[in-house]
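Bear in mind that the values in this text are calculations on the coordinates, not laboratory data. Bear in mind the structure is a predicted one, so any value in this text is a computation, not a measurement. All Cβ positions, even for glycine, are placed from backbone atoms using ideal geometry, and neighbour counts span all protein chains on display.
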Amino acid sequence: MIDAQVVSIPGGGILYDASLARKPQDAWFTRDYWSDRNTLREVSGGRGSVCFLSTEYGNWVLRHYRRGGLIAKLSADRYWWWGASRTRSFAEWRLLAELRRLDLPVPAPVAARYSRSGLTYRADLITAELPESRTLATAMTETVPAERWQKIGRTIARFHACGVHHADLNAHNILLGSQGAVYVLDFDRGRIRPRGAWEQTVLARLKRSLEKISRLRGVQFPEELWRLLMQGYLAGQ
């Protein structure tokens, strides 16, 4: 059961699950804090925006929100301030909490922070690390069994059945775990909404991602694999 609590920090706030972490600190959201304690295991993502941490509470993933596209040239990581509840980090934390309540396969939200400066803010999110998993993008360089493609489709169908709209579903934020587990990551700008045509748009984006990765990495992505995914998706409706 998630115990959502909010604490104020200078210039911002932290939303956290008191059942997973006690007395959250502003410093938790900085790479140097963990590096100084030799608990920073790995850094990845654009400009090192994702850090994998070993903590007394378990393994965590720290993500700093960064802009993409042309607007990133004007501001790499600042967003317009519209109130604490509308910050990217608080919104994603609360969505993850709801998805966990719905028993959907997503990482547990640990803590979210915003740091405000005038009319803009920066944001960070900490989630629990999922065990023994790798991205679908990585797995594509090897052989992904037919039943796993079907399981991916069934998993996406579970989210859509609950009206969960993932804003950027691609091969990098689908994780394949041990014993056939499939997880979905990165619900920034995601939301729960009535079912509709957006579901096909999400699937089309995923297919483009798979095709792009196959081209860039020189791996095969025959149409049969997509048919297997869609078989699982339709079976899960």
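Only Cα pairs within less than 10 Å get springs; with that Gaussian network setup on the chain, which residue of A161, A123, A91 has the largest fluctuation? Sorting by GNM fluctuation, first place goes to A161. For GluC sites (Glu not before Pro), the sites in the range 133-237 that DSSP calls loop and that have at most 12 other Cβ atoms within 10 Å are E142. Backbone amide hydrogens, once placed in the peptide plane, bring G12 within less than 5 Å of R116, excluding anything fewer than 5 places away on its chain.
Of the two radii for the range 1-148, the radius of gyration is 0.98 times the Kirkwood radius, both from the alpha carbons; that is the Rg over Rh value.
Would you mind working out the magnitude of the charge dipole of the chain relative to its Cα centre, with +1 at each Lys and Arg C-beta and -1 at each Asp and Glu C-beta, to the nearest 20 Debye? Working shown, then result.
Numbers: 35 positive and 23 negative charges, 152 e Å.
Its charge dipole is roughly 740 debye.
Annotation: amide H-H contacts under 5 Å for T55 (H modelled 1.01 Å from N, sequence separation of 5 or more, or interchain): W60. Applied to the range 4-21, the Karplus parametrisation 6.51 cos²θ - 1.76 cosθ + 1.60 on θ = phi - 60° returns per-residue 3J(HN,Hα) values of 6, 9, 10, 10, 8, 10, x, x, x, x, 10, 9, 8, 9, 5, 7, 10, 8 Hz, with x for Gly and Pro.
Translational diffusion coefficient of the range 102-237 (Stokes-Einstein, Kirkwood radius from Cα pairs, 20 °C, 1.002 mPa s): 134 µm²/s. Note on W82 and A181: the extension gain reaches 31.9 nm, defined as 0.36 nm multiplied by sequence separation minus the Cα-Cα distance.
When each of the peptides 77-83, 108-114, 169-175 is scored by how many other beta carbons lie within 10 Å of its residues on average, the order from highest to lowest is 108-114, 169-175, 77-83. Its Cα centre serving as origin, the range 134-235 has a Cβ charge dipole (Lys and Arg +1, Asp and Glu -1) of approximately 200 debye. Amide H to amide H, with H built 1.01 Å from N, G190 comes under 5 Å of A167, counting only residues 5 or more places away or on other chains. Taken as Cα centroids, the range 175-237 and the range 1-18 sit 33 Å apart, rounded to the nearest whole angstrom.
Compute the orientation-averaged projected area for the range 161-232 from the convex hull of its Cα atoms and round it to one decimal in nm².
Working: hull surface 22.5 nm².
Its average projected convex-hull area is 5.6 nm².
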